[in-house]
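Report on one structure; see the data block that follows.
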Amino acid sequence: MALAGVDVETRMESWLASDTIRRMGFGHVVVNHRHTLIVERGVSFAAFDSTGRAILTAYASNIFAPQGRYLVDIRR
């Protein structure tokens, strides 16, 4: 599809849960012939400019999401 003159292709490579469990990602987002995002379980988000360059990609609740880090003060 074209979004504001930018060619956006979403490739869904697997629809079956039993098939996707063995490989990374359900699909890919390709913008102006450049790989932009892996579509994964959870939330996958991409924003791009008018030339198709990714300005933000984010993942939440999936394997690419940033992991929480905690510090434990053992002196207390």
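The values are calculated or read from the model by the stated rules, or taken from the named source; none is laboratory data. What you see is a predicted model, and the numbers here were worked out from it, not measured in a lab. In this analysis, Cβ positions are derived from the backbone assuming ideal geometry, glycine residues included, and neighbour counts consider all displayed protein chains. For the accessible areas, the whole protein counts, side chains as well, though only heavy atoms, and no ligand, DNA or RNA atoms are used. Shrake-Rupley method; radii C 1.70, N 1.55, O 1.52, S 1.80 Å.
Filter region 11-37 down to the residues that are among the charged types (D, E, K, R) and either at pLDDT below 65 or over 26 Å from PHE48 (Cα atoms) (or both), then identify the one that is least open to solvent (accessible area, probe 1.4 Å).
ASP19
Being in a strand (DSSP E or B) and of a type in the set (S, T, N, Q) is the filter; apply it to region 38-63 and report the residue that is surrounded by the most Cβ atoms within 10 Å (Cβ to Cβ). If you could, list the steps in order and put the result at the bottom.
Our first condition is that a residue be in a strand (DSSP E or B); within region 38-63, this holds for 38-39, 43-48, 54-60.
Imposing the further condition that a residue be of a type in the set (S, T, N, Q) reduces the set to 44, 57.
Values: SER44: 22, THR57: 15.
Result: SER44.
Identify the residue in region 64-76 that is open to solvent by 100 Å² or more (accessible area, probe 1.4 Å) and aliphatic (A, V, I, L, M) and, among all such residues, is farthest from the chain's Cα centre (by Cα). Full working, then the answer.
Of the residues in region 64-76, the ones open to solvent by 100 Å² or more (accessible area, probe 1.4 Å) are 66-67, 69-72, 74-76.
Next cut, aliphatic (A, V, I, L, M) only: 71-72, 74.
Working: LEU71: 28, VAL72: 31, ILE74: 37 Å.
Ranking the qualifying residues of region 64-76, first place goes to ILE74.
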